[in-house]
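Comments concern the structure below.
The values are calculated or read from the model by the stated rules, or taken from the named source; none is laboratory data. Computed from a predicted structure; not experimentally measured. Every residue, glycine among them, receives a Cβ derived from its backbone with ideal geometry; neighbour counts consider all protein chains shown. Heavy atoms of the whole protein, side chains included, go into the accessibility calculation; ligands, DNA and RNA do not. Shrake-Rupley method; radii C 1.70, N 1.55, O 1.52, S 1.80 Å.
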Amino acid sequence: MAEVRILIEGYAKEVDGVEYACSSVTLVRAGQSNILVDTGSNRELLLEALRKEGLRPSDIGIVVLTHTHLDHCMLVGIFENAVILDGDSVYSFDGKISGHEGKVPGTDMEIVPTPGHDQFHCAVFVDTKEYGKVVVAADVFWWPEGASQSTDEASVLSLEDPYVKDPNALHASRKTILDSADYIVPGHGKPFVFNRDTIA
Ligand SMILES: [Zn+2]
């Protein structure tokens, strides 16, 4: 079964009037593959986190991008041996593009369309022994640094997203994820256990 490690806990913050944003970066080891979901934008943090896992960028075989906002995808070019997946396609560094069937190739990991924050946003669903069903949800759920992170259903369904493109689609995407997730990795903020016992 797949193993999940959070390499970077995503952040979005303002320091002295300057904005900083880097997405969460999640490593999944599944079968023979080292898979990253999103790359973030902080090169130093990412390289250091990979080093701690005993990995070089060239050891990553697949990168899934949840959407193409630069704070999530900026470092994709350093993974020279990887194929790059988005919500519907597989890209390689010779420019080849092919489709995928909603799965990360060679694994049971699902790539599920979750539009709203961005029209082409997707999330990655991974079954694990340690955490149950992990959903790397990216910006379907995110918090700026310092915000109180309430994770009951009502709070996460009504989270403000100042960058939302389609609020109704975002709400539906949140429901899709909450319906099956045990553990959620947000785009920015702390990963959280989704506890269905708190559902009214
Ligand atoms: Zn983001």
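Specify the residue that is most open to solvent (accessible area, probe 1.4 Å); the eligible residues are those in the range 165-195 that are of a type in the set (Val, Ile, Thr) and in a strand (DSSP E or B). In this case the residue turns out to be VAL193. Residues that are in a strand (DSSP E or B) and open to solvent by 10 Å² or more (accessible area, probe 1.4 Å) were ranked within the range 129-157; the one that is nearest to the ligand (Cβ to nearest atom) is LYS133.
State all residues of the range 59-74 that are within 14 Å of the ligand (Cβ to nearest atom), in a loop (DSSP other than H, G, I, E, B) and open to solvent by less than 20 Å² (accessible area, probe 1.4 Å); if no residue qualifies, say none. Explain how you work it out, then say what you get.
Looking only at the range 59-74, we keep the residues that are within 14 Å of the ligand (Cβ to nearest atom), and these are 65-74.
Those still in the list that are in a loop (DSSP other than H, G, I, E, B) too: 65-69, 74.
Those that are within 14 Å of the ligand (Cβ to nearest atom), in a loop (DSSP other than H, G, I, E, B) and open to solvent by less than 20 Å² (accessible area, probe 1.4 Å): LEU65, THR66, HIS67.
The residues of the range 1-40 that are of a type in the set (A, V, I, L, M, F, W, C), closer than 22 Å to GLY87 by Cα and either open to solvent by less than 10 Å² (accessible area, probe 1.4 Å) or more than 16 Å from the ligand (Cβ to nearest atom) (or both), listed by number, are ALA2, VAL4, ILE8, CYS22, VAL25, LEU27, VAL28, ALA30, ILE35, LEU36, VAL37.
Residues of the range 41-58 include none that is within 17 Å of MET109 (Cβ to Cβ) and crowded, with 18+ Cβ neighbours inside 10 Å.
You will find that of VAL134, VAL76, the residue that is of a type in the set (A, V, I, L, M) and more than 17 Å from GLU9 (Cβ to Cβ) is VAL76 and no other. Checking each residue in the range 104-121 for being within 16 Å of the ligand (Cβ to nearest atom) and either touching a Leu at 6+ places or on another chain (Cβ under 6 Å) or open to solvent by less than 90 Å² (accessible area, probe 1.4 Å) (or both) picks out THR114, PRO115, GLY116, HIS117, ASP118, HIS121. Whether a residue is assigned to a strand (DSSP E or B) and either open to solvent by 40 Å² or more (accessible area, probe 1.4 Å) or within 16 Å of the ligand (Cβ to nearest atom) (or both) was assessed, and GLU101 does not pass this test.
When restricted to residues that are in a loop (DSSP other than H, G, I, E, B), farther than 17 Å from HIS69 by Cα and touching a Ser or Thr at 6+ places or on another chain (Cβ under 6 Å), the range 10-30 contains 0. Quick check on VAL124: is it within 16 Å of the ligand (Cβ to nearest atom), open to solvent by less than 20 Å² (accessible area, probe 1.4 Å) and part of a strand (DSSP E or B)? Answer is yes for this residue.
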